[in-house]
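Working notes, beginning with the structure itself.
The values are calculated or read from the model by the stated rules, or taken from the named source; none is laboratory data. Because the structure is a prediction, the values reported are computed rather than measured. Backbone-built Cβ (ideal geometry, glycine too); neighbour counts: all protein chains shown.
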Amino acid sequence: MSAEDQGKIYDVAVIGAGPAGLTAAMYCARAGLHTALIESISAGGQLAQTEHLENYPGFNQSTSGYELSQIMHEQAESFGVETIYDEVTSVYFDAQPKRLNMAFGTLVARAVIVATGARPAKIGLPREDELKGAGVSYCATCDGNFFRGKDVCIIGGGDTAAADAIYLSRICRKVFLFVRRDVLRATAIYHERLKALPNVEIVWNTIVEEILESDGMVSGVKVLDKKMGTRQVIPLSAIFVAIGTTPNTEFLAGSIELDMHGYIVADEMGKTSVPGVFAAGDVRTKVLRQVSTGVGDGANAADAAAEYLLQLA
Ligand code: NAP
């Protein structure tokens, strides 16, 4: 039976249990608000797939993202947050209270905090979808071990690509890092670390044009050196795509203002184009997408939601 069927109306529904959603839910519950936290898979979001955290204050290299997300979730529930494992498929924000349609029911809440984060972007190459799980991967820490002792590549030049290269260098024989420009977007601290790894080769100004396949598995890539105009085939067993993210906002279609890339247009307090609906974390328009900024967003959005509910009352 859904929450609506039971006539239950939450003060706040937080959608997404990554760092932003977990923080928002905890702050709401601590403020005495009846809070539902809706999560489609398991708590943590992208954080749960992070091997080591080294730029989240108070935690060092020995703490995994998974461990931290479990702690955050337990902490939120200890203040009374109710976790509902379901997927929000569409929303109705035009009335008060607001309605969330989920795969297994409907949930009604006076305020909503959207913290659904973002997922790895696809490169858009032929065979990319077909070979997902057969050598094409979007998560080095999840799939790297399948390619122990093999040659692999990473596409991208940001923090994710750099962290993936460092992780895979310990597992794989050789790691090619294909960077489309002649500079890395990744934070400076990664540059020297990458250069010091003997089995990581940064291949500048290079784009992957084709994924090669043999017996249903990735067998190599055809790459173009944009500067020289030359092409070559590099045999390898896996391609890790790390070219940025796509926001998880499809279920909001038409209900709220999104920017041209699909991120929710929201200010620092998470206020969106819809009164009573707030956005926090990677899903909102912002410059720096980190655990620390997601946590800050979550606290701000919870505060803004509490203020909204006060005025509503
Ligand atoms: P990102 O910072 O947007 O970097 C994406 C990288 O992929 C850039 O180097 C970009 O090249 C390249 N790229 C984009 N489209 C491409 C394409 N079609 N073909 C080839 N290369 C392409 O994405 P991210 O690394 O996933 O990071 C996302 C956010 O999470 C960032 O805010 C980042 O700081 C954060 N993050 C932080 C950490 C950490 O602090 N340890 C770890 C992971 C992620 P150009 O530079 O030419 O655009």
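Contact map, the range 121-134: residues that are basic (Lys, Arg) paired with residues that are more than 16 Å from the ligand (Cβ to nearest atom), Cβ distance under 8 Å, separation 6+ or inter-chain. Pairs shown: ARG127/GLU213. Do you know which of the residues in the range 256-296 that are assigned to a helix (DSSP H, G or I) and within 13 Å of the ligand (Cβ to nearest atom) is surrounded by the most Cβ atoms within 10 Å (Cβ to Cβ)? Once the filter is applied, the top-ranked residue is GLY281.
Restricting the search to the range 158-172, which residues are of a type outside the set (D, E, K, R) and within 6 Å of the ligand (Cβ to nearest atom)? Result: GLY158, THR160, ALA161, ALA163. Being part of a loop (DSSP other than H, G, I, E, B) and in contact with a Ser or Thr (Cβ under 6 Å, 6 or more places away or on another chain) is the requirement here; does LEU212 meet it? No; evaluated as a whole, the condition is false for this residue.
Condition test on LEU107, is it more than 11 Å from the ligand (Cβ to nearest atom) and surrounded by fewer than 20 Cβ atoms within 10 Å (Cβ to Cβ)? Even if it seems obvious, please write down each step before you answer.
Details: more than 11 Å from the ligand (Cβ to nearest atom): yes; surrounded by fewer than 20 Cβ atoms within 10 Å (Cβ to Cβ): no.
So LEU107 fails the test.
For the range 202-216, the criterion of being aliphatic (A, V, I, L, M), without any contact (Cβ under 8 Å) to a residue 60 or more places away in the chain, within 14 Å of the ligand (Cβ to nearest atom) and in contact with a helix residue (DSSP H, G or I) (Cβ under 8 Å, 6 or more places away or on another chain) is met by at least one residue. With respect to the conditions (1) away from the ligand (no atom under 16 Å from the Cβ); (2) over 28 Å from the mean Cα position of the chain (by Cα); (3) basic (Lys, Arg), LYS195 falls short on a single one, namely (2). Among the residues examined, ARG180 does not qualify as out of contact with any strand residue (DSSP E or B) (no Cβ under 9 Å at 6 or more places or on another chain), modelled with pLDDT of 95 or more and not in a strand (DSSP E or B). Of the strands (runs of 3 or more DSSP E) lying entirely inside the range 17-109, the ones with 2 or more residues being assigned by TED's automatic domain parsing to the domain that holds ILE256 and polar (S, T, N, Q) are found at 88-92. Criterion applied to VAL223, VAL233 was being assigned by TED's automatic domain parsing to the domain that holds GLY144, surrounded by fewer than 13 Cβ atoms within 10 Å (Cβ to Cβ), at pLDDT 95 or above and assigned to a strand (DSSP E or B), and the one residue passing it is VAL233. Selection of the range 112-146 for residues being hydrophobic (A, V, I, L, M, F, W, C) and under 17 Å from GLY65 (Cβ atoms) yields ALA115, ALA118, CYS139, ALA140, CYS142.
Listed by first and then second residue, the pairs with beta-carbon distance under 6 Å, at least 6 apart or on different chains, first residue in the range 155-167 and assigned by TED's automatic domain parsing to the domain that holds GLY135 and small (Gly, Ala, Ser), second in a loop (DSSP other than H, G, I, E, B) and more than 6 Å from the ligand (Cβ to nearest atom), are GLY157/VAL179; GLY157/LEU184; GLY158/ALA186; ALA162/ALA186. Restricting THR141, THR160, THR116 to residues that are among the polar types (S, T, N, Q), within 27 Å of SER214 (Cα to Cα) and buried (at least 17 other Cβ atoms within 10 Å of the Cβ) narrows the list to THR141.
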